[in-house]
Amino acid sequence: MSKPLIEARGVSRVYADADGGGVEALLDVSLEISKGEFVSLIGPSGCGKTTLLRLIAGLDEPQRGEALLDGVKIEGPSSERGYVFQHVNLFPWFTVEQNIAAGLKARGVYKERKDDVKAFVRLAGLEGFEKSYPHQISGGMAQRASLARALINDPKVLLLDEPLGALDSFTRFALQDIILDLWEKRGATMIFVTHDVDEAIYLSDRVVIMTPRPGRISEIIDVGFERPRHRNDAGFMKLRASILEKLNLVGERKAPEYFL
Amino acid sequence: MSLLNTPFWEVFLASFDPAAWKSLVPAIWETLYMVGITCVITLVGGVILGLILTVTNTFGLLPIVWLNRSLSAVVNCLRSLPQMIMIILMIPVARMILGKAYGVNACIIALAASCIPMFARLVESSLLEIEKGKVDAAKAMGSSSFQIIFRIMIPETLPSLIRGFTVAIIAVISMTALAGNFGAGGIGDIAVRFGFQRFQHEVLFAAVYVLVALVQLVQFAGDAASKILLKKRHLI
Ligand SMILES: Nc1ncnc2c1ncn2[C@@H]1O[C@H](COP(=O)(O)OP(=O)(O)OP(=O)(O)O)[C@@H](O)[C@H]1O
Ligand SMILES: [Mg+2]
């Protein structure tokens with residue numbers, strides 16, 4: 001492997017919890033991701049996926065260890081690291097078009113790149129909805145808009161935090177292909193958080209399996225399959241079974257850890 | 001015409017007579033002038049102070065804890081003074097700045113000193129309610145702190161800032177009436193001079209109508225403006 005584009009070196013992050021103790025959201029996590037790679041993070045709720053993504057984005061700082069981009073320590077957010085949030089996070093006072101253009105305006109390049117906004121609206125399949133407000137469009141459309149909003153900055157890395165989590169499976173499959181398409185065309189490195197094993201295998205070069213309390217990487221799996229991939233291939237199914245097993249999601253039915 | 005020797009009904013009717021309004025009308029203009037200028041000063045000062053209070057707090061965009069603490073202490077001091085005491089306190093200040101200690105402009109200083117801290121707290125509480133995710137989204141796309149303040153925080157909280165400003169304007173109106181006693185003129189002055197000292201209760205009535213109408217108007221305009229914004233965002 002060549003020099004990694006993104007590197008986490010022994011990052012740890014502890015959050016104070018309500019009764020004065022600490023939650024080890026991440027403990028001594030190290031991960032290397034090379035340029036152009038598509039990596040998925042998968043694991044049960046609370047295993048620190050969002051925390052890791054936020055550290056790479058520069059939105060939070062690790063208490064120990066460091067995250068690096070191109071060998072340089074990440075010390076704050078920047079437009080070279082795009083972020084698509086777990087909860088759709090469009091600005092409600094902007095139209096779809098203004099939301100997509102927000103990154104260009106933030107960097108002061110809106111005038112030169114005005115035409116790009118149209119191109120990204122088209123890319124996200126939102127023609128005809130340019131002037132709509134976020135509350136007037138569907139969840140899938142909103143997620144496409146936030147994808148476009150993050151991509152318009154031409155980030156070196158795109159951090160996607162369960163972008164498809166809240167969508168129905170039709171929209172989900174369609175968006176998975178859109179994301180793959182974007183990835184192949186634009187060559188951005190992708191770090192993709194998901195709860196869905198199929199999605200992880202379908203999309204990624206590598207699947208990073210994480211475990212909670214403390215948040216750690218338990219295993220990294222290379223998905224060697226040719227693209228385009230088929231969800232019903234024997235190899236696909238086998239890999240899915242083995243990942244599910246690693247996540248303790250198959251086999252005997254266990255007593256639930258918590259009740260509602 | 002006094003309520004002491006005239007039936008209520010007659011005083012009430014007389015309060016619509018042009019005679020009752022003769023001295024009131026110029027006073028309305030004085031009041032509007034004072035309220036207008038004070039509101040502009042309060043708006044600018046309050047937004048700036050409220051922004052500084054918000055962004056410098058420990059979890060803020062640019063945490064400067066000592067500045068936050070000292071400003072907060074000053075604001076609390078100013079807010080703990082009853083408005084009448086503030087007016088009296090500001091008399092020497094007005095003399096220092098304007099060369100005279102009475103009149104409309106002198107009172108504006110007292111009004112601003114009392115209303116800026118109040119509005120600043122309202123601005124602060126609106127801005128603190130901003131959803132953290134929106135600020136994160138803006139940071140992640142490379143926005144500067146300055147852009148986050150003016151392109152995210154203020155637009156996001158605009159409906160609630162407008163409601164806060166409505167409250168502030170109404171406070172200014174009521175304090176302006178009080179300032180009338182201290183040589184500022186205006187509706188409050190008329191109400192005291194005619195209604196209290198000369199027992200011309202029909203003038204007092206007329207003054208009350210004007211104040212009520214003014215407050216209603218402001219509240220209505222404020223509600224409408226914030227409603228339009230919320231509607232546009234489909235939040236109501
Ligand atoms: N701001 C915070 N304050 C306190 N605790 C936090 C905070 N953010 C996360 N945590 C805790 O850190 C742990 C990891 O959280 P994180 O959001 O990274 O999980 P996740 O893997 O993204 O989960 P999910 O799949 O449910 O989104 C959790 O136990 C959570 O309670
Ligand atoms: Mg998460």
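Which value, in debye to the nearest 20, describes the size of the charge dipole of region B:8-232 about its Cα centre when Lys and Arg Cβ atoms bear +1, Asp and Glu Cβ atoms bear -1, and nothing else is charged?
Value, rounded to 20: 500 debye.
Output the 0 to 90 degree angle, nearest 10, between the alpha-carbon long axis of helix B:104-128 and the longest principal axis computed from the alpha carbons of chain B.
Helix B:104-128 sits roughly 40 degrees off the main axis of chain B.
Which one, B:ILE109, B:LEU51, B:LEU78, projects farthest toward the positive side of the charge dipole computed for region B:42-131 from Cβ point charges (K/R +1, D/E -1)?
B:ILE109
Nearest 5 percent is fine: what portion of the DSSP beta bridges confined to the protein assembly as shown is antiparallel?
Looking only at bridges with both residues in the protein assembly as shown, the antiparallel portion is about 55 percent.
Rounded, prolate or oblate: which fits region B:141-180 when a ≥ b ≥ c are the square roots of the eigenvalues of the alpha-carbon gyration tensor, with rounded for a/c under 1.5 and prolate only if a/b beats b/c?
Since a/c reaches 1.5 and a/b is larger than b/c, the shape of region B:141-180 is classed as prolate.
Evaluate the charge dipole of chain A about its Cα centre and quote only its size in Debye, nearest 20, assuming +1 on the Cβ of each Lys and Arg and -1 on the Cβ of each Asp and Glu.
So the dipole magnitude of chain A works out to roughly 440 debye.
Rounded to two decimals, what is Rg over Rh for the protein assembly as shown when you use alpha-carbon atoms and the Kirkwood radius?
1.15
Contact order normalised by length for region B:8-232, with contacts defined as Cα pairs under 8 Å and 6 or more residues apart; what percent is it?
Result for region B:8-232 is 29 percent.
Once the Cα atoms of helix B:65-80 and of chain B are each reduced to a long axis, what angle between those two axes, in degrees from 0 to 90 to the nearest 10, is obtained?
10
Helix B:83-98 against the longest principal axis of chain B: what's the angle in degrees, Cα atoms only, rounded to the nearest 10?
The helix B:83-98 is inclined about 80 degrees to chain B.
Short version: what are the Cα gyration tensor semi-axes of chain A, square root of 5 times each eigenvalue, largest first, in whole Å?
In descending order the semi-axes read 30, 23, 19 Å.
For region B:186-236, what's the radius of gyration and Dmax over Cα atoms, in angstrom?
17.4, 54
Distance check, please: which entries in A:LYS3/A:LYS111; A:LYS111/A:LYS156; A:LYS49/B:LYS227; A:LYS35/A:LYS131 exceed 29 angstrom between their Cα atoms?
Distance filter (> 29 Å) returns A:LYS3/A:LYS111; A:LYS49/B:LYS227; A:LYS35/A:LYS131.
When the Cα centres of region A:109-140 and region B:118-160 are compared, how far apart do they sit, in Å?
Using only Cα atoms, the two centres lie 23 Å from each other.
At 1.567 mPa s and 4 °C, plugging the Kirkwood radius over alpha-carbon pairs of region B:8-232 into Stokes-Einstein gives what diffusion coefficient in µm²/s?
Rounded to a whole number, D works out at 67 µm²/s.
When A:ILE6, B:ILE162 are ordered from fewest to most other Cβ atoms inside 10 Å of their Cβ, what list results?
By the 10 Å Cβ count, ascending, the order reads B:ILE162, A:ILE6.
Any read-out appearing in this document is the output of simple, stated calculations on the displayed coordinates, not a laboratory observation. Everything numeric in this text was worked out from a predicted model, so none of it was measured. Here Cβ is always computed from backbone atoms with ideal geometry, including for glycine, and neighbour counts include all displayed protein chains.
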